[in-house]
1. In percent, how large is the relative contact order of the stretch 896-967, given Cα pairs closer than 8 Å and 6 or more residues apart?
2. Can you tell me the equivalent ellipsoid semi-axes for the stretch 906-1063? Use √(5λ) from the Cα gyration tensor, largest first, whole Å.
3. Per residue, how much accessible area does the stretch 488-573 have with a 1.4 Å probe, in Å²?
4. Work out, step by step, the length gained on full extension between residue 537 and residue 1010: first 0.36 nm times the residue separation, then minus their alpha carbon distance; give nm to one decimal.
5. Where only protein heavy atoms count, and the probe is 1.4 Å, what is the accessible area per residue for the stretch 738-873 in Å²?
6. Given the Cα-Cα distance of residue 804 and residue 576 and 0.36 nm per residue of separation, how much length would full extension add, in nm?
7. Give the residues of the stretch 1028-1062 whose amide nitrogen is closer than 12 Å to a point set 7 Å from the Cα of residue 1075 in the direction of its Cβ.
8. Where the eigenvalues come from the Cα gyration tensor of the stretch 653-752, what are the semi-axes √(5λ) of the equivalent ellipsoid, largest first, in whole Å?
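The values are calculated or read from the model by the stated rules, or taken from the named source; none is laboratory data. What you see is a predicted model; the values in this text were computed from it and never measured. Cβ placement follows ideal geometry from the backbone for every residue including glycine, while neighbour counts extend to all protein chains displayed. Ligands, DNA and RNA are stripped out before the accessible areas are found, and what is left, the full protein with its side chains, is counted by its heavy atoms. Shrake-Rupley method; radii C 1.70, N 1.55, O 1.52, S 1.80 Å.
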Amino acid sequence: MDHRRQAKGSNPSREFRRGQNHMAAPQKDAYSRLLSQHHSSKFRSYLNQFAQQQQQIEESHGLAVSDTIPDTSEAPSRKGENEMRETGGRNGYSSSPNKGAKAESTLSLYMEKLNERGEAGENLRVQQGMAVRQRHSKRKDTNTSQDGDVESGGEGKQTGSETPQHDASLFRGPSVEIPRLLETSVNKGMAHSLRQGAVFPKHSNDGGPESVQEQDKKKKLKKTQKKGRCDVRRDRSEYSDGDLVPAGQVPRSSEKQSLSDRMTAGQSPGRGFGSNATPNDNGRHRNNPGRGRKRQVFEPYMAPQDVSAGLKRSELLQGPLRINPKKYHEAFLPSPDGLRDIFIDGIVPRNRALNGDVVVVKLLPREQWKVIKPDKEGDSDAPGGPSERAGSAAPGIITVEGGSPDLIIDAQFDSDKDGPGSSLLHSSVKKLNLNTAGSACPENGATPTSKPGAIDPRNLADKFLQRTAKVVCIAEKKHSRAVTGFLKLLPDKEFAMFSPVDHRVPRVNVPLQDCPENFSARAADYANTLFVCRITEWRDDSNFAEGRLAKSLGQAGEIEPETEGILTEYDVDFSEFSKEVLGCLPQSLPWTIPAEEFKRRKDLRKACIFTIDPATARDLDDALSCIPLPDGNFEVGVHIADVSYFVEEGDALDSIASRRATSVYLVQKVIPMLPRLLCEELCSLNPMTDRLTFSVIWKLTPQGKILDEWFGRTVIRSCVKLSYDHAQSMIEAPEKLFSVEELPPFSPEHPVDEIHQAVLNLHSIAKQLRKQRFEGGALRLDQLKLSFTLDRESGMPQGCYIYKYRDSNKLVEEFMLLANMATAHQIYRSFPDQALLRCHPPPQTKMVDDLLEFCDQMGLKLDFSSAGALNRSLNDELGVDEYSSARKEVLTHMCSRPMQMAVYFCTGVLKAEALFRHYALNVPFYTHFTSPIRRYADIIVHRLLAASLGCGPRVSLCQSDVQKQASHCNDKKMASKRVQELSADLFFAVLVKESGPLESEAMVMGVLDQSFDVLVLRYGVQKRIYCNALPLRDFHFRKVGKKPEMTLIWAAESETEAPVQQELSIFTLVDVVLKAEGPMKYSAILKRPCEMMS
């Protein structure tokens, strides 16, 4: 139900444009796709059977039947005839026995003869119907498929299909919900099949057989009509419920109108909605009151007061929208009760909301919920289970499998008015089954799930259902509405089509005046140019948004334009800081600490304090100290840059920092939250330089037990800047005497052996703290992180490696965690309704249950009873061989799926302290205190801590202000994480292109019904491999309980060789080759088993 599924007509001018802008084959219309799916099986056999039935009835009534051999090669040339035959039913015209009706369809004439001879000349109408085509609008619009095909809609001020329609209010009669086979199968397929297999005699106006000359004249007339036809078809999924007009019902205004009257009104016989009349035709809307109205694609948003009332009554639900990046017609909303996510199926129910938006949804009736198939058929929510085609369609939907889009097929019959011929037709249509999966079409008057063998959601337990909903309001537009993509020229239009790279975002109409000056004349020159577009509006009567072109980034595939596009899409502010902001910084440089500050702070400049950071880090915001005490204990300090001293609440610098909320770390650079003068100079704890800090100092036993604790503002002087590599070398060689040359410059006041011993003491205590944490129930889910080596001059990637998390990293982590937890307790005690803390909700219950069931089938005994139990089972169940770490990584990925994101919050908002808890750390209170240079949340915490200690002003933020800022920090942190991932993906794609193909072992981490996911062990990347991209003779997917398995049958390389069979399941080791595909894409190809590397 999305743009990708739009059904295409065959417009010659459109085909020409498609050939210019897109090399892919034109998309078939919905009927053609359907026919191609079934022409060789049930559908073809049914049509032949139906034709034979008609022939037998003809013969029994004494009608002459011509013996002709079906010739499918004539199908394309007779498309115009088929369309003309449709229009009688489309307009609701009855097949009256009046002799003046020249152009009525063969099927209608046949039914007429049946009625005349079988019912003694009784005039009974055979009603055929179909859902109304798109409504015309006055705004210019276009229709574009997801693969880049562009359709120009409308003539002059008309838009969309040239098919007029009748207002829904003009249709009457009881409506019965059954699949719309009458439109696709009867009007087109059956008439076509009957014409080929059993051709009935044509009759002239006087009732006798037509002469050859008369038939030739009709053919010429039809050809002329066909040339002027503008048949722009659209996918039925584009329509909202209100746009589906009951079929088979006759408009009152045309019930008694003769064909000659319609011709007088300006409609050609048999043309109806396919007329090529110009917009100025006087009779254009005479019998179509709704013809000139705008087609409403989306439902209007609910009024704010109704939304508020619905949320209070729990009739509506609110949450962040998550759109599947691989299948963008699928969207999800977290369930408030922690059960399975709420499913939003299609673009129309999503109602113009974009990924990340906070939306309000209304649940659909239970009979429209998605059915999660039982184990024997496959559970789509099971980890590693099929997700490509799993789940039941909503009522009224027949899922045509085999890779084609879902088709929405419906029809309605008025059983009281059906004649003998239509009764036969009706009963025959009901027997037709187009679902290869085995579900049947609904009976007349029955719901689609009431047929034998079908699944009715109303009769299933909740565990087999996934609730579905539609968006009724966008509470907050979190998405930036800025997207990167490409421009496509639309001839004779005042706007261009902007196609976003992110398929979750709609196509956008942008004014031509925003485009480059010579774009209209030389559009091909910009085919590979990346642009930024900002969406300004998306109206409810258009499939496409409207926007303005912001800027041109440069050539697609180059690192800098692609990076700028990523930053823009995720609303990362990478502009230079304004003069007003820079004016908030000290102007006299070099800056020195004022004398009065020494009086307000504890002076620690003589202590052995040092930093441990990545070798390339320049914003050093934390330092450590460890001083042995005479009693055998240690005084351990964590010293954090006092950024809040420079960033005063309410000034311009504070404003920009609060908006940016976080620094963003890319592969090649950092987008700082604060000006570099602060980040790298005034606040950075550079060695042998006096710096202002906020310190937490404990008295600890060698076993890590806290005996005393102190908070306060301090002044320090770091004696050395150690990298993680330096600290790791000291940990691994405790007895070694390091020379001056082996370490970076250090203060002469603290010799190398003193620094070395301090590192060893911190490591010893950190090990105890870590042991206590995990024994106390903490959980750590490590995921592989890819790092790059870059060329100094070009900045291009030269190589990559998986970042190793070592003891030196763990050392720093333990004391940062300890400081954050201590600070959380301090500020919550002082400000129970105003403290900014960080919580981590427990995993989603339903997903955990599914994972446990799946792991049980795999023979893995995971314990999700607590975070600590899960951590223990992850480390105990995977063996100790060389691939145990790979298996743990695969299982960690599965365990991460049910996990929720940790978030900032204001304590006054959540009244129950149980909700403050951090699930992974298994602690009651936690916050962020240790990185104020790169996180704005830490600055707020510093201000709260200073106020609680009486060494700073009281924070002016009220409870709602703190919560608002916390929510903003959550959004920015999530965006920053995603940008960092995309930056790594970008550089790895460049590396594959420049250095590939790359070979590696991989481990299967998920098996779907037509593809499988692998973890590439050498590079830590995850890729999906599609079976249809491999040289396979066949493949078979199956489920053993909940365990998915697949058998690949490789085609023989020569006639003398037998096909090779390969079995895949979770944890299977395979070999893959990574190959570049396009500028910024790469794919993983599975190697044949016989080619396995040694």
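1. Numbers: 54 pairs, mean separation 22.3, N = 72.
Over the stretch 896-967, the number comes to 31 percent.
2. Working: eigenvalues 561, 84, 29 Å².
Each semi-axis is the square root of five times an eigenvalue, giving 53, 21, 12 Å.
3. Working: 3660 Å² over 86 residues.
On a per-residue basis, the stretch 488-573 sits at 43 Å².
4. Details: separation 473, 0.36 × 473 = 170.28 nm, distance 3.81 nm.
Fully extending the segment from residue 537 to residue 1010 adds 166.5 nm.
5. Values: 6300 Å² over 136 residues.
Roughly 46 Å² per residue, with all protein chains present.
6. On the way: separation 228, 0.36 × 228 = 82.08 nm, distance 3.42 nm.
Length difference between fully extended and current span is 78.7 nm.
7. Counting backbone N atoms under 12 Å from the label point, the list is 1029-1031.
8. Values: eigenvalues 173, 93, 48 Å².
Three semi-axes, in Å: 29, 22, 15.
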